[in-house]
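Below: the structure, in structure tokens.
The values are calculated or read from the model by the stated rules, or taken from the named source; none is laboratory data. Just so it is clear, the structure is predicted and the values come from calculations on it, not from any experiment. So basically every Cβ, Gly included, is an ideal-geometry build from the backbone, and we count neighbours across all protein chains shown. What goes into the accessible areas is simple: the full protein's heavy atoms, side chains included, and nothing from ligands, DNA or RNA. Shrake-Rupley method; radii C 1.70, N 1.55, O 1.52, S 1.80 Å.
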Amino acid sequence: MDKVWVMVRKEWAEVFKNRFVFFSVAFMPLLFIAIPLGVLYSMRGASPEQALGLSEIPPEFMALCGDLAGADCAQFFLVSQFLMLFLLMPVIIPVTIASYSIVGEKRTRTLEPLLAAPISTLQLLAGKALGAALPAVFVTWGAYIVFVIGAVWITGSSVIAAQLLKPLWLLAIAVVGPLLSVAAVSLAVMVSSRVNDPRVAEQISALVMLPVLGLFMGQTFGLIQVDQSVVVWLALVLVLVDAALLTLAIQLFQRETILTRWK
Amino acid sequence: MTEHAIVVENLTKRFGKGEQAVLAVDNLSLQVRAGEVFGLLGPNGAGKTTTIRMLSALIAPTSGRAVVAGHEIGKEDMDVRRKVGILTETPGMYDQLSAERNLAFFAALYDVADIPGQVEKYLRMLGLWARRGDEVGEFSKGMRQKLAIARALLHEPPVLYLDEPTSGLDPEAARLVREFIAELRQQGRTIIMCTHNLDEADRLCDRVGVFKARLLALDTPANLRGQLFGRMVVFHLAQAEPRLAEAVSGFDFVQKAELIDQKLVVTLDDPEAHNPAIIRRLVEAGAELRFVGEVRRSLEDVYLHLMDKEEGNHG
Ligand SMILES: Nc1ncnc2c1ncn2[C@@H]1O[C@H](COP(=O)(O)OP(=O)(O)O)[C@@H](O)[C@H]1O
Ligand SMILES: [Mg+2]
């Protein structure tokens, strides 16, 4: 465990010197908080239809609003859409970190001295994975907390806050986010082993975003309602996907494979 | 217990399968004594790096076994890695981190007890202390190489592998690295050094294995030279007369004496000891000597000779 932590600290010291990585970890969350808060701010006091620019809120969603009516329901609808942003963060951040870290390791030719050291490949992989996933998880949680506080402050109502603190959100932020990060890291490890440009690795690995985007597109078009049971299912599926991806990544992360095939 | 730091038995590495299989290392057997500097000399693609990688438990041999510092590769890989320091062929460093941070990271991976102490010791020893805070990305090739050597030594490994330690360095940097290796030799570390630089092997190694997938010869540099050729002294004469060659052939320390144009070429073992006697006899025989010189057979000749033979064997 000690050595995993040694690895993680090295990862952070190195990778955050890269301005792309630093940008995606530091500024993207700020942007992802600013956008929804800005929208909430601009629609204060507007009628729901005006606010949304939609002819109507999807009826399924109306049902979800329960005792919320009018503007509150519209706000709630928007806020639910914002959940997507908080599920994209745990994907984009680790993909960026892991891509730069692994491709960087190939570029600087540090893989061989690293593998010559008395550290197991599992410790190495764990170091790389945690180095990429932990910042994503913490940043997402931090951003979520700031967002909740900001939303309450802007709307001046505790109704929205109550919605944001529902199990749906908590589950998504606390469980689905980290699970997405693990999937993103595993994929980034595999992709990075095959390509020599961190941006390419990043873009390919960012495909993990597609299911998340799809889900919320579906909600926009009223095809699906991202409610608590959807999030629970998502978490369960992700557990399986993570297990499969991690197994593959571990298989790929063998000394001889890395040395002789990662070019 | 043996006094051998490294024992290699029938070590073989084949890359790939079927038609395209490459036999990188073929049935290599050798022993390296504790404290010895052993040179692995061979052309590019000879399998030197592959051998080093197997002996550092980085890649698995196809067959054969090896024991390094008392631990068998393939069975006690973690122990092997702990006992071994390696200067890899392409010594990578984290460019964005300082020299000090790079070393501290690796020291931690090797469970070095006094990390700042060891890092300082080797940074000073290799003349990099003043630049410790600078990002390695700004370092010259020679400085990086020195830093990589420092990294290989941080955990005070009893066995050290140096894979082409001076290749790609400018002459000045190469000289510094060679001097440092000579110092390490004094400290009694067991070193395997890969090189295709014959002069380097000649100067730094106790024994040299000439290697091209298979071991072609193995001995001290001096013996390798002597065994294959003896040493040759050339006497430039005013007139070449066959009887002069005959006169010299009479000595029992002379292996061969032949006239080539105006020159008498004599092959013998110890020219320093025997040249005066030869010169005396030539003068007594009426020869007029214009010039005496040695035909230096370098390790290079030995090497080229062996490689030629190897080519011949394989068509
Ligand atoms: N990972 C690999 N896959 C296939 N062939 C390899 C691999 N590594 C080395 N080889 C081959 O093995 C031979 C020996 O290579 P190497 O050990 O690097 O030689 P040297 O270090 O003496 O230059 C070469 O023919 C090389 O092409
Ligand atoms: Mg090599």
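Structure above, values below:
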quantity: Helix axis angle, B:115-125 relative to chain B longest principal axis, alpha carbon, degrees; calculated: 30
quantity: Largest-first ordering by accessible area, 1.4 Å probe, given options A:LYS263, B:LYS17; calculated: B:LYS17, A:LYS263
quantity: Of A:ALA174, A:ALA206, A:ALA98, the one that fluctuates the most in a GNM where chain A has Cα springs shorter than 10 Å; calculated: A:ALA174
quantity: Relative contact order %, region B:230-295, counting alpha carbon pairs below 8 Å whose residues are six or more apart; calculated: 49
quantity: For B:LEU87, distant residues with modelled amide H under 5 Å away; calculated: B:TYR161, B:LEU162, B:ASP163
quantity: Helical contribution to [θ] at 222 nm, DSSP H n ≥ 4, -39,500 (n - 2.57), averaged over chain B, rounded to 500; calculated: -11500 deg cm²/dmol
quantity: Kirkwood Rh and Cα Rg combined as Rg over Rh, evaluated for the protein assembly as shown; calculated: 1.21
quantity: DSSP bridge pairs, chain B: antiparallel proportion in percent, nearest 5; calculated: 70
quantity: Solvent-accessible surface (1.4 angstrom probe) belonging to B:HIS305, in square angstrom, nearest 10; calculated: 70
quantity: Square roots of five times the Cα gyration tensor eigenvalues for region B:14-71, Å; calculated: 22, 14, 9
quantity: Chain B, relative contact order in percent, only Cα pairs under 8 angstrom and at least six apart counted; calculated: 18
quantity: Added length on full extension, which subtracts the Cα-Cα distance from 0.36 nm per residue, B:ASP170 to B:ARG243; calculated: 21.2 nm
quantity: Calculated FRET efficiency for the pair A:GLN203/B:THR220, C-beta based, R₀ 51 Å, to 0.05; calculated: 0.35
quantity: Chain A: relative contact order as a whole-number percent, Cα under 8 Å and 6+ apart; calculated: 27
quantity: Listed residues B:HIS236, B:HIS155, B:HIS196 arranged by accessible area, highest first, probe 1.4 Å; calculated: B:HIS196, B:HIS236, B:HIS155
quantity: Label-point gap, in nm, between B:LEU23 and B:SER140 - each point 7 angstrom along Cα→Cβ; calculated: 4.4
quantity: Amide proton proximity set for B:THR190, modelled H, under 5 Å, gap of 5+; calculated: B:GLY35, B:LEU160
quantity: Cβ neighbours within 10 Å from other chains - mean over B:72-80; calculated: 1
quantity: Two-site label geometry, B:GLU284 and A:ASN196: point separation in nm, points 7 Å out along Cα→Cβ; calculated: 7.1
quantity: Integer Hz, Karplus 6.51/-1.76/1.60 couplings in order for region A:92-99, x for Gly and Pro; calculated: 5, 4, x, 5, 5, 4, 5, 4
quantity: Solvent accessible area, Å² - B:LYS146, 1.4 Å probe, full protein context; calculated: 40
quantity: Per-residue [θ]222 nm for chain A (sum of -39500 (n - 2.57) over DSSP H runs n ≥ 4, rounded to 500); calculated: -26500 deg cm²/dmol
quantity: Net charge dipole size for the protein assembly as shown [Lys, Arg +1 and Asp, Glu -1 on Cβ; Debye, nearest 20]; calculated: 280
quantity: Under the Karplus curve 6.51 cos²θ - 1.76 cosθ + 1.60, θ = phi - 60°, whole-Hz ³J(HN,Hα) for region A:253-258, x wherever Gly or Pro sits; calculated: 8, 10, 3, 5, 4, 4
quantity: Distance between modelled label sites at B:GLU183 and A:THR121, nm, 7 Å Cα→Cβ extension; calculated: 3.8
quantity: Student exercise, chain B dipole from Lys, Arg, Asp, Glu Cβ charges, in Debye to nearest 20; calculated: 480
quantity: Amide proton proximity set for B:VAL295, modelled H, under 5 Å, gap of 5+; calculated: B:MET232, B:VAL233, B:VAL234
quantity: Values of log10 I(q)/I(0), in the order q = 0.08 Å⁻¹, for chain A under a Debye, Cα-only, solvent-free model; calculated: -0.36
quantity: Extent along principal axes [Cα atoms of region B:230-295; Å; largest to smallest]; calculated: 26, 21, 16
quantity: GNM flexibility winner over chain B from B:VAL210, B:VAL68, B:VAL265 (Cα, springs under 10 Å); calculated: B:VAL265
quantity: Principal axis dimensions, region A:91-152 - Cα atoms, whole angstrom, descending; calculated: 53, 21, 12
quantity: Acute angle (nearest 10 degrees) that the helix B:299-313 long axis makes with the longest principal axis of chain B, alpha-carbon atoms; calculated: 90
quantity: Against the rule of thumb 2.2 N^0.38 Å, how large the Cα Rg of chain B comes out; calculated: 1.23
quantity: Residue (of B:LEU215, B:ALA66, B:ALA174) at the positive-pole extreme of chain B, dipole from beta-carbon charges; calculated: B:ALA66
quantity: Region B:15-75, dipole about Cα centre (Lys/Arg Cβ +1, Asp/Glu Cβ -1), debye to the nearest 20; calculated: 120
quantity: Dipole of the protein assembly as shown, positive direction: furthest Cα of A:TRP153, B:PRO43, A:SER181, with charges on the beta-carbon; calculated: A:TRP153
quantity: Cβ neighbours within 10 Å from other chains - mean over B:102-111; calculated: 6
quantity: Vicinal HN-Hα couplings computed from phi for region A:135-147 (Karplus, 6.51 cos²θ - 1.76 cosθ + 1.60; Hz; Gly/Pro x); calculated: x, 4, 5, 5, 5, 4, 4, x, 4, 4, 4, 4, 5
